[in-house]
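Here the structure comes first, spelled out in structure tokens, and everything after it is commentary.
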Amino acid sequence: RPGQRWTMRVAALSGGDRMIFLSDRSAIDAADRMRSDFVANASHELRTPLAAILGYVETLQDMKGEADGPMRHRFLSIIEREAGRMQQLVIDLLSISRVEADRFRRPTTPVDLAAIIRKTIAQLQDSEAERPRDIVARLGAETQPMLGDEAQLGQMAHNIISNAMKYGRAGTPVTVELVREGSRVRLSVSDEGDGIAPDHLPRLTERFYRVDEARSRSVGGTGLGLAIVKHIGERHQGLLDIESELGKGTRISVTFPLAA
Ligand code: ADP
């Protein structure tokens with residue numbers, strides 16, 4: 001293939017024979033490139049709020065006694081908001097590295113997905129007081145055990161439902177459904193938002209990929225939420241499906257196998 005690189009090693013065997021080892025370098029090169037892109041992106045994301053914080057602190061220092069109450073208050077609020085952004089980014093960076101490290105460890109504990117989702121919804125409703133949103137939950141009466149990591153499944157549900165709350169139109173509900181399909185269970189989260197154009201759909205789970213960067217930042221997004229969802233889904237043999245229609249809304253579903 002174009003650009004493909006090989007490493008060759010030759011070992012001498014007894015009797016004058018030679019053994020040749022060929023390994024494909026391109027996969028290693030691609031992984032190296034991804035890692036360095038990730039470090040560059042993460043550094044850039046951290047540098048932006050940090051520059052704002054340093055700028056406002058310097059301005060406050062220069063103003064000394066001149067800064068009046070309201071202005072000082074405004075600057076301090078900006079510093080607090082930017083520091084919060086950095087904090088969320090660090091939390092998401094730690095999550096993604098933990099989830100990646102765990103990706104080949106199959107979960108062995110039976111968990112109740114409906115109970116996990118119920119708890120996540122309650123936490124979101126408590127914390128989203130400034131953006132109140134009606135969450136319609138249809139989780140079914142029966143408990144459907146699957147093998148999973150409770151904290152990671154809670155985080156996955158949190159990321160998908162909070163996106164629907166962030167990107168849905170004000171005053172419209174978010175619907176969370178859990179439906180059993182034979183030996184599988186499907187979690188779907190639907191919103192009535194602006195939707196996503198089809199050409200963006202395949203890239204949404206890439207780290208730091210955002211359709212509208214300014215919008216994501218203004219609602220407190222880090223661009224890592226769906227990348228975390230993808231890794232947690234894969235660890236649980238979940239199939240991720242994103243359907244969206246511009247002007248109508250988005251439905252994100254993950255289908256998991258139930259415990260045998
Ligand atoms: P972010 O922290 O920016 O929300 P995510 O990884 O969670 O990052 O999502 C990536 C991007 O996908 C978002 O920036 C947004 O553009 C888009 N997106 C995710 N969920 C939705 C949704 N429910 N409706 C519309 N756009 C969405």
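For a quick check of your reading of the filter: which chymotrypsin sites (Phe, Trp or Tyr not before Pro) in the stretch 38-133 sit in a DSSP loop and have no more than 15 other Cβ atoms within 10 Å?
Sparse-neighbourhood loop chymotrypsin sites (Phe, Trp or Tyr not before Pro): F104.
What is the dipole size for the chain, taken about its Cα centre, with +1 at each Lys and Arg Cβ and -1 at each Asp and Glu Cβ, in debye to the nearest 20?
My answer is approximately 640 debye.
Would you list I116, I232, I78 from fewest to most Cβ contacts within 10 Å?
Ranking I116, I232, I78 by Cβ neighbours within 10 Å, fewest first, gives I78, I116, I232.
Binned at 5 Å from 0, what are the whole-percent values of the Cα-Cα distance distribution for the stretch 13-70, short to long?
Over the stretch 13-70, the share of Cα pairs per 5 Å bin runs 4, 13, 9, 10, 8, 8, 8, 7, 6, 5, 5, 4, 3, 3, 2, 2, 2, 1 percent.
Quick check on the stretch 1-115: take the gyration tensor over C-alpha atoms, sort the square-rooted eigenvalues as a ≥ b ≥ c, and tell me if it's rounded (a/c under 1.5), prolate or oblate.
Oblate.
If one computes P(r) from the Cα atoms of the stretch 75-128, what percent of pairs lie at distances over 15 Å?
Tail of the P(r) past 15 Å holds 72 percent of the pairs.
Starting from the Cα coordinates of the chain, work out the convex hull volume and express it per residue in Å³.
212
In what sequence do I160, I228 fall when counting other Cβ within 10 Å, fewest first?
Sorted ascending by nearby Cβ count, the order is I228, I160.
What would the Debye equation give as log₁₀ I(q)/I(0) for the stretch 180-260 at q = 0.19, 0.20, 0.24, 0.25 Å⁻¹, counting only Cα atoms as equal point scatterers?
Those come out to -0.89, -0.97, -1.24, -1.29, one per q.
Order of L246, L178, L60 from fewest to most other C-beta atoms within 10 Å?
Final ranking by Cβ density, sparse to dense: L246, L60, L178.
Sum -39500 (n - 2.57) across every DSSP H segment of at least 4 residues in the chain, then divide by the residue count to get the 222 nm mean residue ellipticity, nearest 500.
Value at 222 nm, helices only: -16000 deg cm²/dmol.
Below 26 Å, Cα to Cα, which lysines can K248 reach? Residues fewer than 8 away in the same chain don't count.
K166, K230
Just name one of P202, G171, A157: the one whose Cα is farthest towards the positive end of the charge dipole of the stretch 123-209 (beta-carbon charges, Lys/Arg +1, Asp/Glu -1).
In the stretch 123-209, that residue is P202.
Check every DSSP H run in the chain and write down those whose alpha carbon atoms cover 20 angstrom or more along the long axis and whose mean Kyte-Doolittle hydropathy is -1.0 or greater.
Counting only whole DSSP H runs, the qualifying helices are 25-63, 69-101, 113-127, 150-167.
Could you tell me whether the stretch 71-194 comes out rounded, prolate or oblate from its Cα gyration tensor? Rule is a ≥ b ≥ c as square roots of the eigenvalues, rounded for a/c under 1.5, then prolate if a/b exceeds b/c, otherwise oblate.
Oblate, because a/c is 1.5 or more while a/b does not exceed b/c.
Charges at C-beta only: +1 for Lys and Arg, -1 for Asp and Glu. How large is the resulting dipole of the stretch 118-209 about its Cα centre, in Debye rounded to 20?
100
Indicate the gyration tensor shape class of the stretch 138-228 (rounded, prolate or oblate), computed on the Cα atoms with a ≥ b ≥ c the square roots of the eigenvalues: a/c under 1.5 is rounded; otherwise a/b larger than b/c is prolate and the rest oblate.
prolate
Bear in mind these aren't lab numbers, they're just calculated from the coordinates by the rules spelled out. This is a predicted model, so every value here is computed, not measured. Don't worry about glycine lacking a Cβ; one is built from the backbone with ideal geometry, like all the others, and counts go over all protein chains shown.
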